[in-house]
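Structure record follows, encoded as structure tokens.
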Amino acid sequence: MPAGKVHLRIELILAGALAIGGGVLVATGVFARTTVAVFFAAYLFSSLFLSPDLDLWESRATKRWGVGRVLWYPYSKLFRHRRISHHLILGPLTRIVYLGALVVLGAWGWCVIVHRRMDIPAFPRGVIIAIVLGLYVPNQIHIVTDRAWSRLRRWNRRR
């Protein structure tokens, strides 16, 4: 498999291409600037912090979390490397749901401590779609790169 640095480089190079496309879509009025900005914020967050390699305790993606890395230990035990964590649809979904559950649990705990009611903010549909796509696309790139690399290595061994 390509190293973590290679995956990140590929994702960031493609982010540049997507930024050009996003700029064109904003300039032509297809998307609002805010929607494109939200997509790229989610994309960068996902590239750096929600890699499919979070199922490896010693991966760069896990280490980027610093002290918060401990939050991903249960995830690394639940999901074995290159199984469901590297599924095109279910892989990113497991990380999004896992992180979302941690955030909700933390927010609920905070609300209990400060004796406040927990309110869930409402976001416009376009922003939600931009967030979901921004979180998914880098994961798709990572997984497709892994699969292409594996096929290329198998093809080279046969020759």
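Could you please find all residues in the stretch 19-48 being at pLDDT below 90 and of a type in the set (Phe, Trp, Tyr)? Selection gives PHE31 alone. Applying the criterion of at least 3 residues that are within 18 Å of LEU135 (Cα to Cα), of a type outside the set (Val, Ile, Thr) and touching a Leu at 6+ places or on another chain (Cβ under 9 Å) to the helices (runs of 4 or more DSSP H) found wholly in the stretch 10-110 leaves 33-49.
Would you tally the residues in the stretch 111-134 being among the β-branched types (Val, Ile, Thr), in a helix (DSSP H, G or I) and over 23 Å from VAL70 (Cβ atoms)? Step through it out loud before you land on a result.
Narrowing the stretch 111-134 to residues among the β-branched types (Val, Ile, Thr): 112-114, 120, 127-129, 131-132.
Going one step further and asking which of them are in a helix (DSSP H, G or I), we end up with 112-114, 127-129, 131-132.
Those still in the list that are over 23 Å from VAL70 (Cβ atoms) too: 114, 127-129, 131-132.
Result for the stretch 111-134: 6.
Entry remark, the stretch 108-159: residues being within 23 Å of LEU54 (Cα to Cα) and either surrounded by 12 or more Cβ atoms within 10 Å (Cβ to Cβ) or touching an Asp or Glu at 6+ places or on another chain (Cβ under 9 Å) (or both) number 20 in total.
Taken over the stretch 22-74, the residue count meeting the criterion of being polar (S, T, N, Q) and closer than 17 Å to LEU102 by Cβ is 3.
The values are calculated or read from the model by the stated rules, or taken from the named source; none is laboratory data. Since the model is a prediction, treat every value here as computed from it, not as a measurement. All Cβ positions, even for glycine, are placed from backbone atoms using ideal geometry, and neighbour counts span all protein chains on display.
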